[in-house]
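Report on the structure given below.
Every number in this text was worked out from the coordinates using simple rules, so none of it is lab data. Computed from a predicted structure; not experimentally measured. As a convention, Cβ positions derive from the backbone with ideal geometry for all residues, glycine included, and neighbour counts pool all protein chains shown.
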Amino acid sequence: MAEVTENTTYFRQDIQGLRAIAILLVVIYHTGIAFPGGYIGVDMFFVISGFVITQLLSREYARTGTLRLAEFYSRRIRRILPAVAFATIGTLLISVVALSPFGEQQQVVDTSRASSFFGSNLYFYMQDSYWALAENPLRHLWSLAVEEQFYLIFPVLIISLRVLRVKMQSSAMRISLLIISVISFVGSYYLSIGNQFLPKPELMAFFGTPWRMWEFLVGSILALSPTSRRSLPRVATNLFASISLIVILWAAVTFNSFTVFPGTAAIAPVFSTAILIYLGTTQSAATRFLAIKPLTKIGTISFSWYLWHWPLIVFAHRLSPNSHYFAPISAAIFSAGFAIISLRLIENPIRHNPDIRGKRALKLGVVCTIAPILVSVVVQFASNSGLGLQEIKNDKIKMSSFTDVHDCRIDKGKAIPNCDFNEYGSTAKRLLLVGDSAATAISDGVAAATSALGMNFSAYYSYGCPIILKPVSKRTHCITTFPEIEKKIAEIKPDILVISNMSSIYVDNVSRGEVLRDQNGKPAADVNQSINIWISMLREKINNDFKNQKTLVILQPPMSNMRELVLLQKLFDEKISFKTSEIRNRITRAESELFRNYKNFAVVDPATTLCDGVNCKQSLNGQALFYDSLHLTVKGSLLLTDLITAELEQLTAKN
């Protein structure tokens, strides 16, 4: 996505226009107002980068007879690193006042460090955290990491082929790149559909550079191809170029977070972009459209706008969750101003400075790498110290006050903990709490309820692993850990089983994890199908394992913006609209309808206590009720004690 225009002789207005289309699709997609498939703008950037970089290297080789890697990497350092460092530092500083210090600021710190070493795509691949994948203000840097890794690999690949006497502009070079591209695409396809020859295949296909390489190489092959396109009839060029633009728009409108991607779906935007580049030197109507001044101006700031738009949209969502589209749209427009400032004050002066090359470029790269890391150290210290938040100083905000309960997490490769608490003797009834991280967050309320009823308490859970394993069976850590939880259920034989899961993170594929699949292995095409599959799997699990088990299900709580946990809290409303949790609400309604069909099941909906049907509480008497956007604090959990106790009493009384 970094713009490459080192030689103005070869500057093409149509490519600037393509960059504009790409960034507009991405920005509008991130605001949520339109283009659910707008993420294809990133794939367009990949093709453009592959084309321009290869053309640059090819022309340099034709002019000098060699490829000067030092000069190439100097240009990349000048073009990319200062802008990225500036945006990263800005995001880190804003996060101190706009995000919660309980995990969120730390995630930004970790992401910034990974980004400084071109590794944020690998960082996100290795994360199990929903927030790290879905709401992190530096999440968008994954694509820049992929691009930077391509820039490191591709010149070396070309030189290696030249050592094998493959000529730069020869068909042998194009065939060699085509073979690599096909291998990359096949791997991308098989990973995208969930074939597990690597862990977390869908995430690997999405974030992995080897499986995105083919998108760059399509542009590279195009750059090394003959220019006979000029002899095409005008009717043909108009037709192909117009169809390509329409296909890009079609993909942006019809694709969504449930589209199996990249896989075969990426073919549409990738080849449409390639065709538009291929025909860009003709006088087609599409080419003339792409070269209009408004688009070329947007294309000029596309790199900077990409860097700034997502962090500001995330902060806007967090600080003003009830504004619907106004906050993200305003943030997107405001970020364009940041982009212009970055372009004029940071990028252009450094990029066009002929003295920054060789050792000076290397020093610049070191400074741009170290500076965000140093700022991240300061931010990390501020986060851990609380920076003025009394709740942190008094240690009032925890997801659970039970140290023992935290130790009840079952992890791959770790010994199974003993989390059976016999406070009331062996003859007392026993309650067992199981689930994912939601079970941890609700543990105080459940433990308080069991204490009120004189019941013994056990707890076992695994983060990111729902009680229904089957629809998300490719979650590799769950394959190992969840059978251990099922074994505990069989061993303990609880009088009452309590289940708590964050259902929405499995149903709504916003974090680009694994899409739920039906019994035939067909992936859900949208959120409605995903909910239906989830409910179907829940029903199957109940009928197979819990039909005769007294069970209390504690539904996922409503979403939070953690207003009480950010320094800018006084500027914004205390309550958050119940409508903000729309997906959560749809899922819990469907779950409640299912559970009502089983006499031995009871349901606790935290929204009953936390919300009034219009708004949901974020705090009570100055104390935060949410630890992060999904999990309750001790205070929030204890607020549900009476509700849980009442349902447990009714379950206990049933024959």
field: No Cys partner within the rule (Cβ under 4.7 Å), the chain
entry: Cys368
- prompt: Counting GluC sites (Glu not before Pro) as exposed when in a DSSP loop with at most 14 other beta carbons within 10 Å, what is the longest stretch of the chain free of them?
  reply: 1-422
- line: Scoring the stretch 8-385 by relative contact order with C-alpha pairs under 8 Å, at least six apart, yields a percentage of 34
- prompt: What percent do you get for the relative contact order of the stretch 240-366 when only Cα pairs under 8 Å and 6+ apart count?
  reply: 20
field: Separation of alpha-carbon centers, the stretch 226-298 and the stretch 99-113, rounded to whole Å
entry: 38
task: Using the structure shown, select from Lys547/Lys617; Lys493/Lys547; Lys488/Lys547 the pairs with a Cα to Cα distance greater than 25 angstrom.
output: Lys547/Lys617
message: Give me Arg139, Arg351 sorted ascending by neighbouring Cβ count inside 10 Å, so fewest comes first.
response: Arg351, Arg139
- line: Going from the fewest other Cβ atoms within 10 Å to the most, one would list Leu157, Leu152, Leu24 as Leu152, Leu157, Leu24
- request: Would you please calculate the Kirkwood hydrodynamic radius of the chain over all C-alpha pairs and express it in Å, rounded to one decimal?
  value: 26.6
field: Over the chain, relative contact order from alpha-carbon pairs under 8 Å, at least 6 apart, %
entry: 17
- request: Go through 235-247, 87-99 and give me the packing order, highest mean Cβ count within 10 Å leading.
  value: 87-99, 235-247
message: Given bins 10 angstrom wide, list per bin the percent of all Cα-Cα distances in the stretch 8-385, short to long.
response: 5, 22, 34, 27, 10, 2, 0
message: Only bridges whose two residues both fall in the chain count here: according to DSSP, what percent of them are antiparallel, nearest 5?
response: 30
Distance between modelled label sites at Glu423 and Ala452, nm, 7 Å Cα→Cβ extension: 1.3
task: Calculate the all-directions average of the projected area of the stretch 80-125's alpha-carbon convex hull, and give it in nm².
output: 3.1
statement: Per the helix-only model, the chain has a calculated mean residue ellipticity at 222 nm (DSSP H runs of ≥4, -39500 (n - 2.57) each, divided over all residues, rounded to the nearest 500) of -18500 deg cm²/dmol
- line: Rounded to the nearest whole number, the Stokes-Einstein translational diffusion coefficient of the stretch 48-199 at 4 °C and 1.567 mPa s (Kirkwood radius, C-alpha pairs) in µm²/s is 72
task: Take peptides 327-333, 357-363, 160-166, 253-259 and line them up by average Cβ neighbours within 10 Å, highest first, as a rough protection proxy.
output: 327-333, 253-259, 357-363, 160-166
field: Order of Thr609, Thr480 - criterion: other Cβ atoms within 10 Å of each residue's Cβ, fewest first
entry: Thr480, Thr609
